[in-house]
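The values are calculated or read from the model by the stated rules, or taken from the named source; none is laboratory data. For clarity, every value in this text was computed on a predicted model and none was experimentally measured. Counting neighbours? That spans all protein chains shown, and the Cβs are built from the backbone with ideal geometry, glycine included.
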């Protein structure tokens, strides 16, 4: 284990040297498949492949639905995280387990659950159908499927940020006479804003790559429910070169989002 002295003269303990070997193996495990994909791309036809009508429609739909599902995750996920982190009630641990369940469920199982809830013969779908509202196999179904699988990412991230931040500043604000809503708006949310943004980015990225629940609950209709992951799957069977090109496009979009957020953090914006 290496040691060095920091600016103030304190001793900084380094990592054991053996740690770097498994860390390098882990990095290679993530990076090498991406390199292999890059080597398989036909760069001469890359632009035509990713700008075809079906590709543009799938990408645009993915961006629209991922944005909508992220907004929905924020609207319902922030209150959920606040309740889980700032209150105590019977069955709280059970509720948290159910909220986090989509993290471990196969997405196709989530799609089936949504289908039996909002489908034409589903638990709520029958009543909605009576009012002429149809959800399954529509763009709305895509948004709901993405929200179902992405919501836990925001809740976990924000709940962790809330617990780490503690309640001392909120207590001081309440002692000074601030109402609960004012404390939430002026103290709590600004304090955990980095965690909220991180959770929203994770939710957006997860929504962008969602496949199983979307296919099961929304189907694959071009321009309506066929998102970019579904387009990649279909192209893989008929045009492998197009599938690889679209896969790289999806990787680039996700990477730009994550890198952009990381730069804002390192720059001290968050």
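Here are some notes:
- Matching option when the condition is modelled with pLDDT under 95, under 21 Å from residue 73 (Cα atoms) and under 20 Å from the mean Cα position of the chain (by Cα), among 191, 202: 202
- For residue 66, the conditions (1) in a helix (DSSP H, G or I); (2) surrounded by fewer than 22 Cβ atoms within 10 Å (Cβ to Cβ); (3) in contact with a helix residue (DSSP H, G or I) (Cβ under 8 Å, 6 or more places away or on another chain) are fulfilled apart from (2).
- Taken over region 110-152, residues that are crowded, with 22+ Cβ neighbours inside 10 Å and without any contact (Cβ under 8 Å) to a residue 60 or more places away in the chain amount to 2.
- Selection status of residue 122, in contact with a helix residue (DSSP H, G or I) (Cβ under 9 Å, 6 or more places away or on another chain) and modelled with pLDDT under 95: yes
Rundown of residues vs (1) closer than 24 Å to residue 48 by Cβ; (2) touching a strand residue (DSSP E or B) at 6+ places or on another chain (Cβ under 8 Å); (3) without any contact (Cβ under 8 Å) to a residue 12 or more places away in the chain, yes/no style:
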position	(1), (2), (3)
197	no, no, no
214	no, no, no
226	yes, no, no
240	yes, no, yes
243	yes, no, yes
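- Within the span defined as region 94-107, every residue fails to be in contact (Cβ under 8 Å) with a residue 60 or more places away in the chain, over 21 Å from the mean Cα position of the chain (by Cα) and surrounded by 18 or more Cβ atoms within 10 Å (Cβ to Cβ).
- So residue 260, is it more than 30 Å from residue 40 (Cα to Cα), surrounded by fewer than 15 Cβ atoms within 10 Å (Cβ to Cβ) and either touching a strand residue (DSSP E or B) at 6+ places or on another chain (Cβ under 9 Å) or modelled with pLDDT under 90 (or both): no
- Subset of region 145-166 (residues that are more than 15 Å from residue 83 (Cβ to Cβ), part of a helix (DSSP H, G or I) and either under 11 Å from the mean Cα position of the chain (by Cα) or modelled with pLDDT under 95 (or both)): 146, 147, 148, 149, 150, 153, 157, 164, 165
- Of all residues in region 33-61, none that is without any contact (Cβ under 8 Å) to a residue 24 or more places away in the chain and on the phi > 0 side of the Ramachandran plot has its Cβ atom under 7 Å from the Cβ atom of a residue that is assigned to a loop (DSSP other than H, G, I, E, B) and loosely packed, with under 14 Cβ neighbours inside 10 Å, 6 or more apart or on another chain.
- Residue match in region 220-233 (condition: under 11 Å from the mean Cα position of the chain (by Cα), in a helix (DSSP H, G or I) and either farther than 22 Å from residue 118 by Cα or modelled with pLDDT of 90 or more (or both)): no
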